[in-house]
Amino acid sequence: MILPTLFIAPTEDMGRGVFTSEDIPKGTVIEVSPVIVMSGEDRKLLDQTLLHDYIFEWGHRRESCAMALGYIPLYNHSYKSNCEYEMDFTDRVISIKSVRFIKAGEEIFINYNGDWNNATPVWFDK
């Protein structure tokens, strides 16, 4: 499920991103997408490719990795994101939910740390 008001567009400095054509209220689930789960061994190989920047650590002990489908790989990072993501290891899906009101035309951001307001530097800011 992808909210029909979402669309992909170029950004000024991050390539492409996900935007909304209509206002989104706080607490709205805007996407639920399946993932492809891969082993820790697969992750070692993926870490040597461009896909490293698009996979998620997966499992309660982060022993696997997952490639999300849908728009999820295209959400850009912000330390003060307007959405958060939740991983469902049983159903093998990732959900994106708004954490504040989002105006029409605004870019949708997630925090790659997992918590929407976590300021810990991510791998490309270290």
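Is at least one residue of region 63-78 among the β-branched types (Val, Ile, Thr) and open to solvent by 20 Å² or more (accessible area, probe 1.4 Å)?
The answer is no; no qualifying residue exists.
So which residues in region 31-51 are farther than 24 Å from residue 109 by Cα and either touching a strand residue (DSSP E or B) at 6+ places or on another chain (Cβ under 8 Å) or surrounded by 13 or more Cβ atoms within 10 Å (Cβ to Cβ) (or both), if there are any at all?
Hits for region 31-51 are 38, 39, 40, 42, 43.
Look at residue 108 and say whether it is open to solvent by less than 30 Å² (accessible area, probe 1.4 Å), assigned to a strand (DSSP E or B) and hydrophobic (A, V, I, L, M, F, W, C).
Against the criterion (open to solvent by less than 30 Å² (accessible area, probe 1.4 Å), assigned to a strand (DSSP E or B) and hydrophobic (A, V, I, L, M, F, W, C)), residue 108 qualifies.
Residue-wise test of (1) in contact with a Pro (Cβ under 6 Å, 6 or more places away or on another chain); (2) at negative phi; (3) not charged (D, E, K, R).
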site: 40; (1), (2), (3): no, yes, yes
site: 55; (1), (2), (3): no, yes, yes
site: 69; (1), (2), (3): yes, yes, yes
site: 74; (1), (2), (3): no, yes, yes
site: 86; (1), (2), (3): no, yes, no
site: 110; (1), (2), (3): no, yes, yes
site: 116; (1), (2), (3): no, yes, yes
site: 125; (1), (2), (3): no, yes, no
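The values are calculated or read from the model by the stated rules, or taken from the named source; none is laboratory data. Since we're looking at a predicted model, the values are computed, not measured. When we count neighbours, we look across all protein chains shown, and the Cβ atoms used for this are built from the backbone with ideal geometry, even at glycine. Remember, those area values only see protein heavy atoms, side chains included, never the ligands or the DNA or RNA. Shrake-Rupley method; radii C 1.70, N 1.55, O 1.52, S 1.80 Å.
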